[in-house]
Each structure stands twice: as C-alpha cells, then as structure tokens.
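S.K.: Shown below is the structure under consideration.
The values are calculated or read from the model by the stated rules, or taken from the named source; none is laboratory data. Keep in mind that this is a model prediction, so the values were computed, not measured. Note: ideal-geometry Cβ built from the backbone for every residue, glycine included; neighbour counts use all protein chains shown. SASA here: full protein model, heavy atoms, side chains in, ligands and nucleic acids out. Shrake-Rupley method; radii C 1.70, N 1.55, O 1.52, S 1.80 Å.
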Amino acid sequence: MSAPRTVLLTGASGVVGRSLLRENTSPTDGREAAGLRIIAASHSAPAPEAERSVACDVTAERFGLDKESYAALAGAVDVVIHSAGLTEWGLPAERYQPVNIDGTRRVVEFAERAGAVVHFMSTAFVAALADTAPTPLGEGNVCRRYIESKHRAEELLRESGVAHTVFRPTNLVGDSVTGWTSQGQIVQLMSDWIGRGRAPFVPAHAGIRMDFVPQDLLSKAVLRAIQLGDDRGEFWVTYGAEAMDVAACLQVVGKHAAARGRELTVPPIVDPASLDPAELERMPPMTRSYLSVLRDVSEVTVCSGGVLPTSMPELRERYGVPHVSDTTAYLRSLEYATAHLS
Ligand SMILES: NC(=O)c1ccc[n+]([C@@H]2O[C@H](COP(=O)([O-])OP(=O)(O)OC[C@H]3O[C@@H](n4cnc5c(N)ncnc54)[C@H](OP(=O)(O)O)[C@@H]3O)[C@@H](O)[C@H]2O)c1
C-alpha cells in the first residue's frame with residue numbers, strides 16, 4: 001500500500017461525489033473505511049459530507065481560484081477524482097462543451113501542474129459510439145450529445161499523457177445495503193412512473209439488459225484504486241451479461257408496487273421499431289416524453305451490443321467490489337426513493 005494521498009474530488013455534491021464521500025468515511029456494509037484525505041470541490045454548494053472544501057468551477061481558468069490558491073491546491077493534491085459534469089440528457093452540444101469537455105481540459109492542466117493521477121468518471125454509454133457498435137446511434141437520440149461529450153473528455157485525457165484511469169458506470173441506483181442516494185435519478189423516476197401504472201407499454205429492443213449498478217460499488221472501486229496507487233486502467237462499471245432483462249426489471253417494479261398496495265398490470269414490452277410515431281404524437285406530453293427516453297436508452301444499449309461491456313469480474317477481484325444482486329439492489333433503491341425522495 002502506498003503513502004496516504006490527498007484527493008481533490010470534483011463534482012463532490014453530485015450523486016457520485018456524495019456517495020464517494022460517504023463510502024470514504026462510513027461504508028454501509030461494515031467494511032473498513034478507506035479514510036482518504038479528500039478535498040471536496042464545491043461549485044454552487046458544498047457537499048454536506050465534506051470535511052474540507054474548496055471553491056471550484058471547472059469551466060473557469062484556474063478553477064476560478066486566484067493564482068496563489070490554485071498553486072497551493074496543486075501543491076497539496078496528488079490524486080484527482082474528476083466527477084464534475086453536466087449530466088442532464090437532451091441538451092445541445094454547446095451546453096456540454098464548457099463543462100464536460102473544456103472542464104476536463106482544466107482538470108488535465110491542474111493534474112499536470114500537481115503531478116496528480118486523474119480518476120475520471122465517464123459513462124458506460126460511450127460503448128454506443130465505438131467503431132464496433134453494431135448499428136450507429138441515432139442523431140436524435142436524447143443521450144447522444146451527452147455521450148459524445150464524455151467520449152471526447154476520455155480522448156482528451158488519453159491525448160494528454162496524464163496518468164489516469166477511466167471508470168465507465170452504467171445508470172447508478174442507490175446504495176446496495178440501504179438504497180440511499182442523495183438525489184433520485186432517471187431509474188427511480190421512470191420506475192416510479194411505470195409502477196404507478198402510467199406506462200401503456202415499455203419500448204425496449206429484444207434481448208437487451210437493464211443494467212443498473214448500486215452507486216457504492218463504483219465508489220468502493222474508485223477508492224480502492226487510489227489506495228492501491230493505480231494510475232491506469234479502463235473499467236466498465238456494469239453488470240454486463242449478469243444484468244437483469246426487461247421482464248425481470250418489470251417484475252421488480254411490480255413487486256415494489258405490490259408492497260405499496262398497488263396491483264400493477266405489468267405493461268407489455270414493445271419493439272421500438274414497431275412504434276407508430278403518429279400514435280406517440282397523440283399521447284399526453286409526459287407519456288410521450290417518458291416513452292421516448294425509454295426508447296432512446298434502449299437504443300443506446302442496442303448500439304452497445306445489447307449487453308453492456310463489463311469489468312465486474314476484475315473490479316471484484318482487484319478492488320474487492322462485493323457480489324451484489326442487481327435485482328435486490330434495484331428493489332432497495334426503489335424502496336428508499338419511495339420513503340425518502342417522493
Ligand atoms: N449518476 C449516474 O447514474 C452516472 C452514470 C454514469 C456516469 N456518470 C458520470 O459520473 C459523473 C458524476 O455524475 P453524478 O450523477 O454525480 O452527476 P450530478 O449528480 O449531476 O452532479 C454533477 C456534479 O458536477 C458539478 N458541476 C457541474 N458543473 C460544474 C462546474 N462548472 N464546475 C464544477 N463542478 C460542476 C455539480 O455541482 P453543482 O450542482 O454545484 O453545479 C455536481 O456536484 C458525471 O460526470 C457523469 O457523467 C454518472
């Protein structure tokens with residue numbers, strides 16, 4: 001084990017950032033805490049779990065700090081977890097550019113100055129843009145510009161020569177033990193909508209997996225990589241072929257609804273290719289919008305090969321990521337969201 005390190009965490013107030021901070025001091029599965037010295041970069045608001053914070057806007061020169069503060073920070077930090085990002089889908093490319101691409105360039109500049117290793121939080125969805133993708137991702141796909149920005153950020157890191165790893169998580173759900181998350185995300189939102197019986201059908205391509213990973217699994221892997229002093233590697237934080245299929249996913253939603261006293265008639269799974277655009281147009285705006293997102297996420301998975309690439313066996317072996325059932329974690333996450341987020 002190498003010497004203790006000081007870590008700058010960008011995006012500390014986000015879903016991943018807060019999970020990392022909690023996991024660093026108090027893992028819910030009773031494991032020994034990593035106890036790294038983390039400086040939480042604070043953009044619009046500090047993370048509640050942060051013990052030390054520093055103001056940081058990745059879109060600004062020197063993160064918006066004066067020269068002395070920036071130099072002092074670079075002198076103190078030897079690892080950066082770069083988790084800041086614009087994560088909303090459906091925005092034009094120019095919205096992602098300053099945060100996800102230029103912001104990563106600023107992180108590279110900082111890492112060069114600090115001599116720091118960067119651990120970059122990318123996305124598993126970049127698989128949909130690979131040359132090996134079985135079909136090209138549609139230009140109009142709601143995730144496309146976001147994915148392109150993360151893809152470009154990965155390229156920037158590779159081109160820079162800065163020592164780094166890339167973690168590519170799929171959609172994250174709550175903590176594997178408690179279901180805790182700092183904010184509800186797309187999975188909980190969509191699942192709640194389906195669970196309330198609002199989805200007339202679920203658009204999903206045949207054979208795809210619903211790949212959701214509990215957020216603490218990502219956090220454990222990243223913290224362990226830092227403890228081990230790792231400075232290279234690309235990790236797909238996904239379940240891959242172990243992930244549930246669409247029917248199993250809907251069964252979990254049905255089980256959760258039943259536990260809340262709702263008898264859910266599980267909606268049929270419909271091939272997106274058979275959807276009549278005119279029929280979609282006639283639907284209420286929210287229904288149309290949710291169905292379009294489900295269709296587009298399914299398309300991302302198809303373009304990624306139907307089953308996302310995975311590094312889970314390696315993450316378990318090298319970083320001690322625990323074996324967790326995805327359906328159990330998903331159900332816990334829905335229970336937490338119902339009790340605390342709605
Ligand atoms: N959560 C997932 O399911 C998931 C899945 C795959 C990949 N990822 C990747 O993991 C990373 C973290 O995701 P997340 O879910 O934690 O995102 P999130 O909850 O949306 O949080 C984004 C974080 O970035 C910060 N940020 C935004 N603009 C910034 C700026 N100009 N300067 C500095 N910080 C800025 C935000 O701070 P403010 O709120 O103060 O602006 C916030 O702390 C992202 O890069 C995302 O692409 C996440």
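S.K.: Can you go through Val213, Val222 and tell me which one is under 18 Å from the mean Cα position of the chain (by Cα), within 16 Å of the ligand (Cβ to nearest atom) and not in a helix (DSSP H, G or I)?
M.R.: On the way: Val222 fails: not in a helix (DSSP H, G or I).
Criteria check complete, one pass: Val213.
S.K.: Of these, Ala163, Ala127, which one is within 16 Å of the ligand (Cβ to nearest atom), among the hydrophobic types (A, V, I, L, M, F, W, C) and either within 19 Å of the chain's Cα centre (by Cα) or surrounded by fewer than 19 Cβ atoms within 10 Å (Cβ to Cβ) (or both)? Steps first, answer last, please.
M.R.: Details: Ala163 fails: within 16 Å of the ligand (Cβ to nearest atom).
After applying the criteria, what remains is Ala127.
S.K.: I would also like to ask the following. Among what's in the stretch 28-45 and is in a loop (DSSP other than H, G, I, E, B) and either within 24 Å of Gly64 (Cβ to Cβ) or under 19 Å from the mean Cα position of the chain (by Cα) (or both), pick the residue that is farthest from the ligand (Cβ to nearest atom).
M.R.: Step one: of the stretch 28-45, the residues in a loop (DSSP other than H, G, I, E, B) are 28-36, 43-45.
Adding the requirement that they be either within 24 Å of Gly64 (Cβ to Cβ) or under 19 Å from the mean Cα position of the chain (by Cα) (or both) leaves 43-45.
Details: His43: 3, Ser44: 3, Ala45: 5 Å.
Result: Ala45.
S.K.: Going by the conditions given, is Ser69 within 8 Å of the ligand (Cβ to nearest atom), polar (S, T, N, Q) and surrounded by 13 or more Cβ atoms within 10 Å (Cβ to Cβ)? Outline the logic, then answer.
M.R.: On the way: within 8 Å of the ligand (Cβ to nearest atom): no; polar (S, T, N, Q): yes; surrounded by 13 or more Cβ atoms within 10 Å (Cβ to Cβ): yes.
No.
S.K.: Here's something else I'd like to know. Looking for whichever is of a type outside the set (A, V, I, L, M, F, W, C), open to solvent by less than 30 Å² (accessible area, probe 1.4 Å) and outside any helix (DSSP H, G or I) here; the options are Gly306, Gly261. Which one fits? Show your work before the answer.
M.R.: Details: Gly261 fails: open to solvent by less than 30 Å² (accessible area, probe 1.4 Å).
Exactly one of Gly306, Gly261 is of a type outside the set (A, V, I, L, M, F, W, C), open to solvent by less than 30 Å² (accessible area, probe 1.4 Å) and outside any helix (DSSP H, G or I), namely Gly306.
So that you can scan it fast, the table gives a plain yes or no per residue for (1) in contact (Cβ under 8 Å) with a residue 60 or more places away in the chain; (2) among the hydrophobic types (A, V, I, L, M, F, W, C); (3) in contact with a helix residue (DSSP H, G or I) (Cβ under 6 Å, 6 or more places away or on another chain):
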| position | (1), (2), (3) |
| --- | --- |
| Cys56 | no, yes, yes |
| Phe63 | no, yes, no |
| Lys67 | no, no, no |
| Val99 | no, yes, no |
| Ala111 | no, yes, no |
| Met121 | yes, yes, yes |
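S.K.: Out of the residues in the stretch 173-200 that are open to solvent by less than 20 Å² (accessible area, probe 1.4 Å) and part of a loop (DSSP other than H, G, I, E, B), which is nearest to Pro268 (Cα to Cα)?
M.R.: Here is the first cut: in the stretch 173-200, the residues open to solvent by less than 20 Å² (accessible area, probe 1.4 Å) are 173-176, 179, 181, 187-188, 190-191, 193-195, 199.
Cutting the leftovers down to part of a loop (DSSP other than H, G, I, E, B) gives us 174-176, 179, 181, 199.
On the way: Gly174: 26, Asp175: 29, Ser176: 28, Gly179: 27, Thr181: 29, Ala199: 9 Å.
It comes out as Ala199.
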